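Colleague: Just dropping this structure here.
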């Protein structure tokens, strides 16, 4: 079973939490992050994306950017913007979007559980994307963004969480995007023990979002172990910040695709190639297509929407090849559009479902040629893939609502 532990969080004073809490660092490009900081000077992006404090000619990965992140965090602790808990605690974190809530347990998870695959992943990571967060965690000496973990729902844990939620919250605010955030603290030793005992019924956890952040946190932990050969396993660098949610409360949105060109074909030839690849094509005109079932796709091309249906011979019961993202990649994006590796091909981009179908139309009118709207991968598909020790194609899931950074910070020493 995975190990969870309470921790002495660094957290904002309640009256400033709404201003500090920020979406994850990787949701924004540099320009967007700067705009957020200009709009809200206390935004945690000042720490998570410290390049926002420098002119554009300073490289995002310049060593002085990470040094500034540490300086900013330290100064906010010194001036009382952030406080440090006196004792190790767990927290309950509820997010409500459009009337629908999900509630997680904020805790530290073990790097050994990740290494031993008790914490299961469903995506590979890329070293170049890890390096940024490795430097950030190591230099700031802190995990500033929690890893989004999932576990199969346990009734006893649900009951304990609901009991805590009957108490007054530590934080209660609505962010500018309309998401309501409420946080409760668990500091009483009896309740902490009850929660840990109940969590003993959980055989494993799964990374829902934050594969690169998690891998980076683990690598920093291993680096610290080398630097401290007498480590006992109880040091804070042996664990990382996480929020653990029951699987039956989560909501996955589609992760749509846009492609820069038609691989040398004209639109008519491309449509014929799509049909030849095994897709039934229905023209829908200006009626936007949001797929309503597995094996179907929307496609936007030359100002017109199309409904695509994968014929039976393209479908599979295999945990990975049966995913809609795999069907599209292996039968259309790859063979027809020559997108061989979607991780590295600059001709393809990915658009989170939260941005809506209008964003697909906008991208096609601006810098792309064709867009595909997807049917969302389910949480059960994600767990099945991870349980089988397999990996999903890149950009298979888009979770909403996103966890906020800056509400909980875990120091490594």
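Colleague: Plugging the Kirkwood radius over Cα pairs into Stokes-Einstein for segment 180-290, at a temperature of 10 °C and a viscosity of 1.306 mPa s, what D comes out in µm²/s?
Modeller: Values: Rh = 20.4 Å.
The estimated diffusion coefficient comes to 78 µm²/s.
Colleague: Relative contact order of the chain, please, whole-number percent, based on alpha carbon pairs below 8 angstrom and at least 6 residues apart.
Modeller: Working: 772 pairs, mean separation 97.6, N = 413.
Relative contact order of the chain: 24 percent.
Colleague: So how far, in whole Å, is the C-alpha centre of segment 87-126 from the one of segment 327-393?
Modeller: 25
Colleague: OK, next. Please work out the Cα center distance from segment 213-278 to segment 129-172, rounded to the nearest Å.
Modeller: Centre-to-centre distance over Cα atoms comes out at 17 Å.
Colleague: Would you list 364, 351 from fewest to most Cβ contacts within 10 Å? Please list the in-between numbers first.
Modeller: On the way: 364 18, 351 24.
Fewest-to-most ranking of 364, 351: 364, 351.
Colleague: Determine, for 266, 214, the number of other Cβ atoms within 10 Å of each Cβ, and report the residues in order from fewest to most.
Modeller: Values: 266 10, 214 27.
Fewest-to-most ranking of 266, 214: 266, 214.
Colleague: Still on this model: Give, in nm to one decimal, the length gained when the segment between residue 265 and residue 152 is fully stretched (0.36 nm per residue of separation minus the Cα-Cα distance).
Modeller: Numbers: separation 113, 0.36 × 113 = 40.68 nm, distance 4.65 nm.
That works out to 36.0 nm of additional length.
Colleague: Further question on the same structure: Report, to the nearest 10°, how far helix 127-140 tilts away from the longest principal axis of the Cα atoms in the chain, using its own Cα long axis and a range of 0 to 90°.
Modeller: Once rounded, one gets 20 degrees.
Colleague: How long are the semi-axes of the ellipsoid equivalent to the chain, from square roots of 5 times the Cα gyration tensor eigenvalues, in whole Å, largest first? Kindly include the intermediate steps, with their values, before the conclusion.
Modeller: Values: eigenvalues 296, 119, 84 Å².
Values for the chain, descending: 38, 24, 21 Å.
Colleague: Can I ask one more? Kindly state, to the nearest 0.05, the FRET efficiency for residue 294 paired with residue 340, given R0 = 30 Å and r defined as their beta-carbon distance. Could the numbers behind the result be given before it?
Modeller: Details: r = 25 Å, r/R0 = 0.82.
It comes to 0.75.
Colleague: Now, a different point. Would you please state the base-10 log of I(q)/I(0) at q = 0.22, 0.24 1/Å for segment 314-370, with intensities from the Debye formula using one equal scatterer on every alpha carbon?
Modeller: Log10 I(q)/I(0), no solvent term: -0.99, -1.07.
Colleague: Taking the 0 to 90 degree range and rounding to the nearest ten, how far is the long axis of helix 30-39 tilted relative to the main principal axis of the chain, both from C-alpha atoms?
Modeller: 50
Colleague: What is the helix-to-structure angle for 211-227, meaning the angle in degrees between its Cα long axis and the longest Cα principal axis of the chain, kept from 0 to 90 and rounded to the nearest 10?
Modeller: Between helix and principal axis, roughly 40 degrees.
Colleague: For the chain, what is the calculated [θ] at 222 nm in deg cm²/dmol (nearest 500), taking -39500 (n - 2.57) for each run of four or more DSSP H residues and dividing by its residue count?
Modeller: Per the formula, -9000 deg cm²/dmol.
Colleague: Computed over the Cα atoms, what is the radius of gyration of segment 255-375 divided by 2.2 N^0.38 Å, N being its residue count? Mind dumping the intermediate values first?
Modeller: Numbers: Rg = 13.0 Å, N = 121, 2.2 N^0.38 = 13.6 Å.
For segment 255-375, the normalised Cα radius of gyration comes out at 0.96.
Read-outs: derived from the displayed coordinates by stated rules, not from any lab. Since the structure is predicted, the reported quantities are computational estimates derived from the model, not experimental observations. Because the Cβ atoms are built from the backbone with ideal geometry, glycine has one as well, and the counts that use them run over all protein chains shown.
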